[in-house]
Amino acid sequence: MTSLPEDPPSLISEDDRDTAVQRLQKAYAEGHLSHEELDERLHQVLTAKTRSEIVSPLASLPEENAGTTSTIAAAGGRIRRRGAWRVPRFLKVASAYGRVHLDLSRAVIEHPVVDIELQLGTGRAKITVPRDAIVDAEDLHTGWKDTLYKTRRRSHPDGPRIRISGTMGFGRLKIRHARR
């Protein structure tokens with residue numbers, strides 16, 4: 001019996017690399033890194049080929065604005081984020097009624113863990129996560145329909161962890177992994 005091929009690791013984009021370099025420079029300027037540590041970590045970031053290789057040099061840095069939460073809110077209509085947008089560490093999405101679509105597949109995710117809090121009344125929600133993401137939606141309370149999510153058979157422990165919490169009244173949350 002042959003085993004299934006492993007998914008290729010997700011390659012790092014130039015935007016991800018630039019963001020990591022900026023975080024390291026900021027940490028150095030604030031006195032969190034010595035000159036030698038900065039040189040070593042910059043080398044790791046600049047030679048990284050995959051996202052997993054960029055996590056280690058950033059792991060011990062202080063969180064950027066760790067106490068702040070970004071909020072996307074609308075009384076009705078659509079809430080949509082897609083393309084190359086920067087995902088904050090804490091994201092709150094609130095809508096009384098309407099559709100929500102968050103596409104994280106090409107987003108810049110700088111944090112190893114991203115917390116998304118949904119506060120939705122009625123309407124559907126769809127979240128597309130990166131191919132190598134680990135999803136935890138156990139703290140999401142749904143009032144009407146269950147969340148649609150199939151855990152990937154081959155998970156990558158080095159991908160970002162997406163934790164989804166909050167409440168949904170009438171509607172359904174659909175979570176899927178990006179195909180590439």
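The values are calculated or read from the model by the stated rules, or taken from the named source; none is laboratory data. Keep in mind the model is a prediction, meaning the values are calculated, not measured. Heads up, the Cβs are rebuilt from the backbone with ideal geometry, glycines too, and the neighbour counts pull from every protein chain shown. Note: accessible area is taken over every heavy atom of the protein model, side chains too, but ligands, DNA and RNA are not part of it. Shrake-Rupley method; radii C 1.70, N 1.55, O 1.52, S 1.80 Å.
General observations
- Residue in the range 58-81 that is at pLDDT 85 or above, assigned to a strand (DSSP E or B), surrounded by 14 or more Cβ atoms within 10 Å (Cβ to Cβ) and within 14 Å of the chain's Cα centre (by Cα) present: yes
- The residue of the range 20-35 that is most open to solvent (accessible area, probe 1.4 Å), among those that are within 15 Å of A59 (Cβ to Cβ) and not hydrophobic (A, V, I, L, M, F, W, C), is H32.
- Meets criteria (under 21 Å from L58 (Cα atoms) and either assigned to a loop (DSSP other than H, G, I, E, B) or hydrophobic (A, V, I, L, M, F, W, C) (or both)) for D146: no
- Filter pass, A84 being modelled with pLDDT of 80 or more and loosely packed, with under 13 Cβ neighbours inside 10 Å: yes
- For the condition open to solvent by 70 Å² or more (accessible area, probe 1.4 Å), closer than 20 Å to T71 by Cα and in contact (Cβ under 8 Å) with a residue 40 or more places away in the chain, R163 qualifies.
- Of the set (1) in contact with a His (Cβ under 9 Å, 6 or more places away or on another chain); (2) closer than 23 Å to G159 by Cβ, all apply to R78 but (2).
- Looking only at residues of the range 111-131 that are open to solvent by less than 30 Å² (accessible area, probe 1.4 Å) and part of a loop (DSSP other than H, G, I, E, B), we find that the one that is nearest to A59 (Cα to Cα) is H111.
- When the range 42-51 is limited to residues that are assigned to a helix (DSSP H, G or I) and open to solvent by 40 Å² or more (accessible area, probe 1.4 Å), the one that is farthest from V108 (Cα to Cα) turns out to be H43.
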